[in-house]
Amino acid sequence: MNTFLKRVLILLSVVALGLFLYSVFVENIFAPRLSPEDTVEFKLNDLELEVFYNRPYKKGREIFGALVPFNQVWRTGANEATTFETNQDLEINGMPLAPGKYTLWTVPKDSTWTVIFNSKQYKWGVNAEMQPMWDPNYDVITTNVPVQKLDNDVEQFTIAFDNSTDNLFLTMAWDDVKIALPLK
């Protein structure tokens, strides 16, 4: 093997070792995420809905009004911005939502939550100052949903579709709080 190829192989080996060590000790990409990703889907006839989000745990913390402040826009989960996708027209609290992919933001309050469907796609949920990356100029729907207090705590933030009563709802639950947004 000539000298040039040996040097290239040594350089590539050093770079690969450096990237591996960085990923293990700095980013720790092999460790499980503190707020794991999840995707929830709903399919009925030709309708297909999908929500991608990250699921933080309560871990004994006070959630609403503390970790997630009241009256402030929340990325609705952790890490990446939560997304909602539909392949058909929907009606959300009487307002039309066209087929497409949206980011989903919420404003938790004591007795109601504001749910926001935003047409802009964001790579992450918050900026370096931990402020939501949400831009209100791209809001498509903003609606209020009443809070339901739960008897038992939900340890891990959960988004689901509920069609158990022949009425479709997008539900979000965490701690002792649940909301159910009607979808038609």
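Structure values in brief
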{"item": "Solvent-accessible area of Arg61 with every protein chain in place, 1.4 Å probe, in Å² to the nearest 10", "result": "100"}
{"item": "Length-normalised contact order of segment 7-127 in % [C-alpha pairs under 8 Å, at least 6 apart]", "result": "19"}
{"item": "Under the Karplus curve 6.51 cos²θ - 1.76 cosθ + 1.60, θ = phi - 60°, whole-Hz ³J(HN,Hα) for segment 176-181, x wherever Gly or Pro sits", "result": "10, 10, 9, 10, 9, 8"}
{"item": "Mean separation of Cα contacts under 8 Å, 6 or more apart, over the residue count of segment 70-139: relative contact order %", "result": "33"}
{"item": "Net lengthening on full extension, Asn2/Glu129 (0.36 nm per residue, minus Cα-Cα)", "result": "40.6 nm"}
{"item": "Members of Lys149/Lys184; Lys59/Lys178; Lys58/Lys184; Lys43/Lys149; Lys123/Lys149 lying beyond 26 Å, as alpha-carbon distances in this model show", "result": "Lys58/Lys184; Lys43/Lys149; Lys123/Lys149"}
{"item": "Prolate/oblate/rounded label for segment 60-110 (Cα gyration tensor, a/c 1.5)", "result": "prolate"}
{"item": "Over the chain: helical MRE at 222 nm, DSSP H runs n ≥ 4 each giving -39500 (n - 2.57), nearest 500", "result": "-3500 deg cm²/dmol"}
{"item": "Sulfur and carbon atoms: percent of accessible area, the chain [1.4 Å]", "result": "55"}
{"item": "Shape of segment 72-156, Cα gyration tensor, a/c cut at 1.5", "result": "oblate"}
{"item": "Net dipole in debye of the chain [+1 Lys, Arg Cβ; -1 Asp, Glu Cβ; about Cα centre; nearest 20]", "result": "860"}
{"item": "Sequence-distant lysines (8 or more away, or on other chains) whose Cα lies within less than 21 Å of Lys120", "result": "Lys101"}
{"item": "Ser111 accessible area, 1.4 Å probe, all protein chains in place, Å² to nearest 10", "result": "80"}
{"item": "Overall dimensions of the chain by Cα: Rg and Dmax, Å", "result": "20.9, 74"}
{"item": "Residue-level accessible surface for Glu62, protein heavy atoms, 1.4 Å, Å²", "result": "130"}
{"item": "Relative packing of peptides 118-130, 172-184 - highest average C-beta neighbours within 10 Å first", "result": "172-184, 118-130"}
{"item": "³J(HN,Hα) computed for each position of segment 137-144 - Karplus, 6.51 cos²θ - 1.76 cosθ + 1.60, integer Hz, glycine/proline x", "result": "5, 9, 5, 9, 9, 10, 9, 9"}
{"item": "Å² of accessible area per residue within segment 51-117, as computed with a 1.4 Å probe and no ligands counted", "result": "40"}
{"item": "Segment 126-182 shape via C-alpha gyration tensor axes, a/c threshold 1.5", "result": "oblate"}
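The values are calculated or read from the model by the stated rules, or taken from the named source; none is laboratory data. These numbers come from a predicted model, not from an experiment. When we count neighbours, we look across all protein chains shown, and the Cβ atoms used for this are built from the backbone with ideal geometry, even at glycine. Heads up: the accessible areas ignore ligands, DNA and RNA and are worked out on the full protein's heavy atoms, side chains in. Shrake-Rupley method; radii C 1.70, N 1.55, O 1.52, S 1.80 Å.
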